[in-house]
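A short worksheet on the structure shown next.
The values are calculated or read from the model by the stated rules, or taken from the named source; none is laboratory data. Given the structure is predicted, the values throughout are model-derived calculations rather than measurements. No Cβ is skipped: glycine too gets one built from the backbone with ideal geometry, and neighbour counts run over all protein chains shown. Heads up: the accessible areas ignore ligands, DNA and RNA and are worked out on the full protein's heavy atoms, side chains in. Shrake-Rupley method; radii C 1.70, N 1.55, O 1.52, S 1.80 Å.
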Amino acid sequence: MRLKTQSKGIVYLVGAGPGDPGLITVKAVECLRKADVVIYDYLVEKRLLNYAPSNAERIYVGKKGAQHTLEQRAINHLLIKKAKQGKVVVRLKGGDPYLFGRGGEEAEAVASEGIAFEVVPGVTAGIAGPAYAGIPVTHRDFTSTLALITGHEARGKKTDKIDWGKIASIGTLVFYMGIKNLASLIKNLLIHGRTEDTPVAIIRWGTTHKQETIAGTLGDIIKKVEEKRLLPPAIVIVGKVVDLRDKLNWFETKPLFGKRIIVTRAREQSGKLSACLEEFGAKVIELPTIKIMPISDYNRLDSAIRKIGEFDWLIFTSVNGVDGFFNRLFKLGMDTRVLKGAKICSIGPATTERLLSFGVKSDCQPSRFVAEAVLEELRKTGEIKGKKVLMPRSEIARELLCDELTKMGAKVADVAVYRTVADSSSKKELIRVLKEGKVDMVTFTSSSTVRNFIKLAGKRESHRIARDIKFASIGPITSKTIRDYGFKVSIEAKEYTIPGLVNAIVASYCHSEE
């Protein structure tokens, strides 16, 4: 709905989904990307806030049990105030804004002020939670009827708005916020015709790594909930479809389900590793310990690029090296045609793939992704003595490759194209997460991630947490750095790549459960 008074700003009532950040809609992301202000709730996955511009104002108005950051009337006023300042306001709400989310009240409030608004529906926990717990809410062999009900209404009082006689006859019942009133819900269902052997499931933190599911019947579910001491937020699902859980439980059986794993890669490079770990069910905590920065002086690199026709070999040891080299090449007004006289060597499939993205094919890729393997491969290609070799890489790269090529008679130009520096922005959060004591593993993809992790966490804290947390390494060089600091390497990738690291992590947990 758009009104004539759009100059006063606009409010988007946006459903953030049930918890899994991957379940947010495309339109919701589009709204976040143009937001001036994001006003968000307790159940919203915080990573979704990263879709908003860095300069967007972020305001938390969450309600947790009886703890309200702002009362509903104050939230309504805040939406109106920000919109009247001409801002694009995104009201980010867990699940769907119009389903037990008081989104209707907020829409009424802004509409009454003549403020433009739109509603972006979201995936609701009442459908997604059961799906992630292996329970389809409808199934033609069991039921074709479904009711979504708020558990807060079911208190057996005169104000009770639920027609229990009608509700009890519906095939599948999903109660939101029903834990506190579970006894009352069950009592009313039994009074109105449901039997004690009716299947029931309680799903807490559905679709997230913290998901916990208790299955039982109307006759024994209260006892099971008390034994597990299950607390909100949770939904209650009643009906024969619950029996399908044993066959269809796909999410909680993932090999890394429930594992909390820290990713220390640079923020702009953490995506692939995080996505792979999440695919296997892990909760990823991105806490970058390094960041990739441009070099301060381009004179040596520019000189090498201008003389590129004089080199016989270009050796790329990382994706960052590729990016840094070609970005500068283009900056100088040149293109890939100037490389026609040189052979290209790359370490690892990711580096080879990045070269291809620039239209350059590697002539040589060692089977192992370390400097030693590069030397072996280059020896196979023929005479190295007298050849001119350019190595665009980090300012703090290992000297081994350069030294050994020099010993073989090559004329090596080892030129920095990027810097790796400590990222202190995550220090506070890193220390908090470690002290919380709920981390299962820390992943390291380079020696610099190791050094800076220990620098940020502190040696004493690092040694304390190392007793309970596994350290996973991408390869032997990184592992050596971990051991040099006195730590144990629990997992080392056999193939020194991101997929290789993930496979090693998954295999370690699968074997530990056998």
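Observations on the structure shown:
- Exactly one residue out of 195, 150, 172 is among the hydroxyl-bearing types (Ser, Thr, Tyr) and touching a helix residue (DSSP H, G or I) at 6+ places or on another chain (Cβ under 7 Å), and it is 172.
- Some residue of region 184-191 being in a loop (DSSP other than H, G, I, E, B) and either farther than 19 Å from residue 132 by Cβ or open to solvent by 50 Å² or more (accessible area, probe 1.4 Å) (or both): no
- Any chance residue 206 is of a type in the set (Gly, Ala, Ser), open to solvent by less than 40 Å² (accessible area, probe 1.4 Å) and closer than 30 Å to residue 465 by Cα: yes
- Each residue in region 300-321 was checked for being surrounded by fewer than 16 Cβ atoms within 10 Å (Cβ to Cβ) and either under 39 Å from the mean Cα position of the chain (by Cα) or of a type in the set (Val, Ile, Thr) (or both), and 2 pass.
- Restricting attention to region 170-183 and to residues that are part of a loop (DSSP other than H, G, I, E, B) and within 18 Å of residue 215 (Cβ to Cβ), the residue that is least open to solvent (accessible area, probe 1.4 Å) turns out to be 178.
- Exactly one residue out of 483, 451 is within 15 Å of residue 265 (Cα to Cα) and either assigned to a loop (DSSP other than H, G, I, E, B) or not small (Gly, Ala, Ser) (or both): that is 451.
- Annotation: of all residues in region 224-279 being among the polar types (S, T, N, Q) and within 16 Å of residue 47 (Cβ to Cβ), the one that is nearest to the chain's Cα centre (by Cα) is 274.
- Evaluation of residue 479 against the conditions (1) free of Cβ contacts under 8 Å to residues at least 40 places away in the same chain; (2) crowded, with 19+ Cβ neighbours inside 10 Å; (3) under 20 Å from the mean Cα position of the chain (by Cα); (4) farther than 23 Å from residue 209 by Cβ shows that the sole unmet condition is (3).
- Which numbered condition residue 32 fails, given (1) farther than 30 Å from residue 279 by Cβ; (2) at pLDDT 95 or above: (1)
- The one condition from (1) crowded, with 17+ Cβ neighbours inside 10 Å; (2) basic (Lys, Arg); (3) closer than 23 Å to residue 255 by Cα that residue 451 does not meet is (3).
- Hey, residue 202 outside any loop (DSSP other than H, G, I, E, B), under 29 Å from residue 22 (Cα atoms), free of Cβ contacts under 8 Å to residues at least 60 places away in the same chain and hydrophobic (A, V, I, L, M, F, W, C) or not: yes
- The residues of region 230-283 that are crowded, with 19+ Cβ neighbours inside 10 Å, under 30 Å from residue 168 (Cβ atoms) and hydrophobic (A, V, I, L, M, F, W, C), listed by number, are 234, 235, 236, 237, 238, 241, 242, 251.
- Members of region 144-169 found to be exposed (fewer than 15 other Cβ atoms within 10 Å of the Cβ), assigned to a loop (DSSP other than H, G, I, E, B) and modelled with pLDDT of 75 or more, listed by number: 144, 145, 161, 163, 169
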